[in-house]
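Some notes on the structure that comes next.
The values are calculated or read from the model by the stated rules, or taken from the named source; none is laboratory data. Here the structure is a predicted model, which means the values were calculated and not measured. Here the Cβ positions follow ideal geometry from the backbone for every residue, glycine too, while neighbour counts run over all protein chains shown.
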Amino acid sequence: MLTIRKPARRLGLIGKLTLALALAGGSIAAAPSGVQAADGPYWRGPAPTEASVTATTGPFRVTEARITGARGFGGGRIYYPTDTSQGTFGAVAISPGFTAYWSSLDWLGPRLASQGFVVIGIETNTTLDQPAQRGDQLLAALDWAVSSSPAASRIDRNRLAVAGHSMGGGGTLEATLDRPSLKAAIPLAPWNLTKSWTRQRVPTVIIGGSSDTIAPVSSHSEPFYTSLGSPEKAYLELRGGSHFFPQTPDDNVAKVMISWLKRFVDEDTRYSQFLCPGPGGLGISEYRNTCPI
């Protein structure tokens, strides 16, 4: 991967070479058009704006494929950027909730992938699988993605994340205990009988709905967030959000998910501005965090 650093107080190698060639009357070839200037080794894409993190389509073109023959989970779909000029990408596996299928969340696949991630939207082994089983399947999906998927060569196996809805959100928390090397976790309206997650150390943002009657935030999202052992965590509560808010495209949800993945999977501090102080407005009833992030 070719990375060009932005100009600083002192000239880097490219700057010195350019200056030398200019003084000598020579020229230097421009970087390939697909390569973006970046300050961090994992930064992908242009500098973000409010419009870019809420856009339905990000800067990367995306392809997708049906998952067949995978072991440890029930298949699904994989989405990934077609760009091969910027090196590898981080990956996130996402689980649907109890009795649900990936199709209930499939808007997240292309939306996250177009921001520079490989997204594995899983089907569970059975729709009745419990959180611990879903956590195992999320990890199995990541293992498949880095070893056998059509995007395997594009994934950085050291930059992986998990997310999920309802029992899939509860499974997301389970997966962070089983694999603390994960870079990020995003439970959506999570449901789990376990309420304390003090051993958890993965950077986690929980998104809940204030009108959720299936996994009420008072007995699920809020105690989960309060107990999280990770020093980097956040809690977003959507005003009037039902248990099924993740099944409908939502700019606030997308903005926080994209920013969290960018910040902790890509180590891209350009996205901290969208997490600290965080989203607000009529659609948000509460936002807590451990800023600065």
Checklist entry - Here are some conditions: (1) among the hydroxyl-bearing types (Ser, Thr, Tyr); (2) in contact with a helix residue (DSSP H, G or I) (Cβ under 8 Å, 6 or more places away or on another chain); (3) not in a helix (DSSP H, G or I). Tyr271 meets all but one. Which one does it not meet? => result (3)
Item to check | From the options Arg44, Arg9, residue that is charged (D, E, K, R) and at pLDDT 95 or above | outcome: Arg44
Checklist entry - Among the residues of the range 80-97, is any touching a His at 6+ places or on another chain (Cβ under 7 Å), at pLDDT 95 or above and either in a helix (DSSP H, G or I) or not hydroxyl-bearing (Ser, Thr, Tyr) (or both)? => result yes
Checklist entry - When only residues in the range 68-91 that are of a type in the set (Gly, Ala, Ser) and in contact with a Leu (Cβ under 9 Å, 6 or more places away or on another chain) count, which is surrounded by the fewest Cβ atoms within 10 Å (Cβ to Cβ)? => result Ser85
Item to check | Close pairs from the range 233-254: first closer than 19 Å to Phe274 by Cβ, partner of a type in the set (Lys, Arg), Cβ under 6 Å, at least 6 apart | outcome: Tyr235/Arg288; Ala254/Arg111
Next on the checklist: As an exercise: evaluate Thr63 against (1) touching a strand residue (DSSP E or B) at 6+ places or on another chain (Cβ under 6 Å); (2) under 15 Å from Ala151 (Cα atoms) and give the number of the one condition it does not meet.
Outcome noted: (1)
Item to check | Long-range neighbours under 8 Å by Cβ, at least six apart or interchain, first residue without any contact (Cβ under 8 Å) to a residue 60 or more places away in the chain within the range 87-107, second in a strand (DSSP E or B) and surrounded by fewer than 23 Cβ atoms within 10 Å (Cβ to Cβ) | outcome: Trp102/Arg77; Asp106/Arg77
Checklist entry - Is it fair to say Lys255 is surrounded by fewer than 24 Cβ atoms within 10 Å (Cβ to Cβ), touching a Pro at 6+ places or on another chain (Cβ under 8 Å) and over 27 Å from Asn125 (Cα atoms)? => result yes
Checklist entry - Is it fair to say Arg263 is outside any loop (DSSP other than H, G, I, E, B), of a type outside the set (Val, Ile, Thr), touching a Phe, Trp or Tyr at 6+ places or on another chain (Cβ under 7 Å) and surrounded by fewer than 17 Cβ atoms within 10 Å (Cβ to Cβ)? => result no
Checklist entry - From the list Ala65, Ala55, which residue is out of contact with any helix residue (DSSP H, G or I) (no Cβ under 8 Å at 6 or more places or on another chain), surrounded by 14 or more Cβ atoms within 10 Å (Cβ to Cβ) and modelled with pLDDT of 85 or more? => result Ala55
Checklist entry - What are the residues in the range 189-229 that are buried (at least 20 other Cβ atoms within 10 Å of the Cβ) and of a type in the set (Gly, Ala, Ser), if any? => result Ala189, Gly208, Gly209, Ala215, Ser221
Next on the checklist: Tell me the residue from Val217, Val202 that is modelled with pLDDT of 95 or more, in a loop (DSSP other than H, G, I, E, B) and in contact with a Leu (Cβ under 8 Å, 6 or more places away or on another chain), please.
Outcome noted: Val202
Checklist entry - Any residue in the range 93-109 that is of a type in the set (Ser, Thr, Tyr), at positive phi and surrounded by fewer than 24 Cβ atoms within 10 Å (Cβ to Cβ)? => result yes
Item to check | Subset of the range 205-214 [assigned to a loop (DSSP other than H, G, I, E, B) and aliphatic (A, V, I, L, M)] | outcome: Ile214
Checklist entry - In the range 169-188, is there at least one residue being surrounded by fewer than 24 Cβ atoms within 10 Å (Cβ to Cβ), in contact (Cβ under 8 Å) with a residue 60 or more places away in the chain and either within 23 Å of Asp266 (Cβ to Cβ) or touching an Asp or Glu at 6+ places or on another chain (Cβ under 9 Å) (or both)? => result yes
Checklist entry - Quick one: is Ala161 at negative phi and buried (at least 24 other Cβ atoms within 10 Å of the Cβ)? => result yes
